[in-house]
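Worksheet: the structure to be examined is printed underneath.
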Amino acid sequence: MEKIIKEIAELLDIQEVVFLHKETHEILAYPIADGPTDEEFDYIEQEVMEVINTDPGSYIRFDPPNSDESFEMMELFVETLKNAQLKARLLDALASRKPFRNFRNAIQSEEIEDDWYAYKDAYLQMLVRDRL
């Protein structure tokens, strides 16, 4: 089951809607278009939904984090940091006009990207576990 949890978390991280079959543990997913409607994304979504709609009660749906949830995840990560100056810098980035871009720039310049991605992965896996 851990392999399935990890796979679902990875798909959520790349902004895919995920369905897990309750008995077979088959995973179906489709990407969320982040711009004007993309015909390829629509086609994938339609194919997945055709399968889901044959027996919707057999699947658990997982939606990727929205911007509010992603922001909260970044705040929670900052709270785990021990270095007060680093914490303050990241909180300033989150309070800025473009918090997502500034947070990304700050973690890159502070060379803590690996820590952030490990935290984010663990957090998403925890969300999946909670749903299961």
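Close amide H partners of Val17, meaning residues 5 or more places away or on another chain with modelled amide H under 5 Å apart, are Tyr30, Ile32.
Computed FRET efficiency, Cβ-Cβ of Asp13 and Ala84, R0 30 Å: what is it to the nearest 0.05? Calculated transfer efficiency: 0.55. Modelled this way, with points 7 Å down the Cα-to-C-beta line, the labels at Phe100 and Gln46 are 2.8 nm from one another.
Looking at the stretch 85-132, the GluC sites (Glu not before Pro) that sit in a DSSP loop and have at most 14 other Cβ atoms within 10 Å of their own Cβ are Glu111. Rg/Rh for the stretch 67-131 (Cα atoms only, Rh after Kirkwood) is 0.97. Using the Cβ-Cβ distance between Asn53 and Arg129 with R0 set to 41 Å, the FRET efficiency from 1/(1 + (r/R0)^6) comes to roughly 0.95.
Each of Ile32, Ile5 was scored by other Cβ atoms within 10 Å of its Cβ. Arranged with the fewest first, they read Ile32, Ile5.
Two numbers describe the Cα atoms of the chain: Rg and Dmax, which are 17.2, 54 Å. A prolate overall shape is assigned to the stretch 39-102, the ratio a/c of its alpha-carbon gyration tensor axes (a ≥ b ≥ c) being 1.5 or greater and a/b exceeding b/c. Checked against a 32 Å cut-off, the cross-linked pairs Lys6/Lys82; Lys6/Lys98; Lys22/Lys82 give Cα-Cα distances beyond that limit for Lys22/Lys82. The order of Glu75, Glu23, Glu45, going from fewest to most other C-beta atoms within 10 Å of their C-beta, is Glu23, Glu75, Glu45.
Quick note: the coordinates plus some simple rules give every number you see, no bench work behind them. This is a predicted model, so every value here is computed, not measured. Because the Cβ atoms are built from the backbone with ideal geometry, glycine has one as well, and the counts that use them run over all protein chains shown.
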